[in-house]
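Structure first, commentary second.
The values are calculated or read from the model by the stated rules, or taken from the named source; none is laboratory data. This structure is a prediction, so every number in the text was calculated from the model and none was measured. Glycine also receives a Cβ, built like all others from the backbone with ideal geometry; neighbour counts cover every protein chain displayed. Keep in mind that these areas ignore ligands, DNA and RNA; they rest on the heavy atoms of the full protein, side chains included. Shrake-Rupley method; radii C 1.70, N 1.55, O 1.52, S 1.80 Å.
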Amino acid sequence: MKRGIIAVILAVFFLSSCQNNGDPNTTQPGDSFIGGVKGIDVAFASDEPPQVVLDNNQQEFFLTLLLRNEGEFTVPTGQLIASLSGVQKQAFGLQSLTVTNTLPIAGAQKQVTGGNLPGATEQVEFGKAQYTIDIPADFTTTLRADICYTYQTQALANICLKKDVLRKDLDDVCDVKVPNLPIENSGGPFQVVQAHEDTVGKNKIKFNFKVKNSGIGAIYEPGSFTNLCAGQEDKRDKVKITLTSPENAFQIQCSQLGNTHTGVVRLVNGEKDISCTIDTTNLQDITFQGLVIVTMDYMYRSGVIKQLVVQNAA
């Protein structure tokens, strides 16, 4: 399955580069992804709960969240955790304030033959509820639902490579100095927002890029939440970054990743600059474009609130 996906990506990039008419400064990434900066949208289902409920066990109602996957990563079963706050479990007769998704939440898919399949809409249910206490007067409470879910964004870039990166040749098909390197992201709230390529001596390429939380929620290290969508602030603003070459054409090392190609980074103000190098000593003399895949793994947290009126039924 992975080989098939990579083959499609490579084909799209190849066709894109063939449309450049040989201009080394016009290499553009292909239309490989749908894109966008959203992950899972969350909302309370209509009338679940209603705006007003009765006290003293007089009214049963449901608490249900609608989850719509606006990105391109499929959230596996059990990898979305929803937690309620603002209510007292026993007072509302709830079995639990936390539930997980029992089905995968499929991401949007780009079709090779054209067109896009939208992401799935699923729901998670907290079950039946009823306010169990007899109160002397109406009161309003703020019901909040937080979701924490596993997500992934992939970004693609074509970088220009050859053994002696300082030598200019008539048959060069690309430029090793690109201040604004085109890069394409799959749909997700965390993105690569800038990239550039430059030389560092005769046999070394510099590939720098910036990652950023482009969504409206909070980002956490993978695996931060397992049974409750709350806390874990020591793991906030951490993302796992992995760089790979599907063609195994070169090795890449990044200082922020411990001079390897993978590791966890801490964001500053929601973003991080990553500086990487590629040793070209063992590469071919003739220029070629190498595909770099930047995979970003994280958990994302967002929420929704609703005002709930508990009414004295007496």
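Below, the figures for the structure above:
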quantity	calculated
Subset of the stretch 108-129 (residues that are within 18 Å of the chain's Cα centre (by Cα) and open to solvent by less than 50 Å² (accessible area, probe 1.4 Å))	Ala108, Gly119, Ala120
Criterion (in contact with a strand residue (DSSP E or B) (Cβ under 8 Å, 6 or more places away or on another chain), over 20 Å from Lys38 (Cα atoms) and open to solvent by 40 Å² or more (accessible area, probe 1.4 Å)) met by exactly one of Asp198, Asp234, Asp169, Asp134	Asp198
Hey, Thr262 of a type in the set (Ser, Thr, Tyr) and free of Cβ contacts under 8 Å to residues at least 40 places away in the same chain or not	yes
Hits in the stretch 189-248 - residues which are more than 23 Å from Asp175 (Cβ to Cβ) and charged (D, E, K, R)	Lys212, Glu221, Glu233, Asp234, Lys235, Arg236, Asp237, Lys238, Lys240
Test: residue in the stretch 259-267 that is charged (D, E, K, R) and part of a helix (DSSP H, G or I)	no
Subset of the stretch 92-106 that is among the aliphatic types (A, V, I, L, M) and in a loop (DSSP other than H, G, I, E, B) - its residue that is most open to solvent (accessible area, probe 1.4 Å)	Leu103
Hits in the stretch 271-295 (condition: open to solvent by 20 Å² or more (accessible area, probe 1.4 Å) and assigned to a loop (DSSP other than H, G, I, E, B))	Thr281, Asn282, Leu283, Gln284, Asp285, Ile286
Qualifying residue in the stretch 252-264 (condition: open to solvent by less than 40 Å² (accessible area, probe 1.4 Å) and farther than 25 Å from Phe225 by Cα)	yes
Residue within the stretch 205-213 that is surrounded by 21 or more Cβ atoms within 10 Å (Cβ to Cβ), in contact with a Cys (Cβ under 6 Å, 6 or more places away or on another chain) and either touching a residue at least 60 places away in the same chain (Cβ under 8 Å) or of a type in the set (Lys, Arg) (or both) present	yes
Subset of the stretch 70-91 (residues that are closer than 14 Å to Ser186 by Cα and crowded, with 21+ Cβ neighbours inside 10 Å)	Gly71, Glu72, Phe73
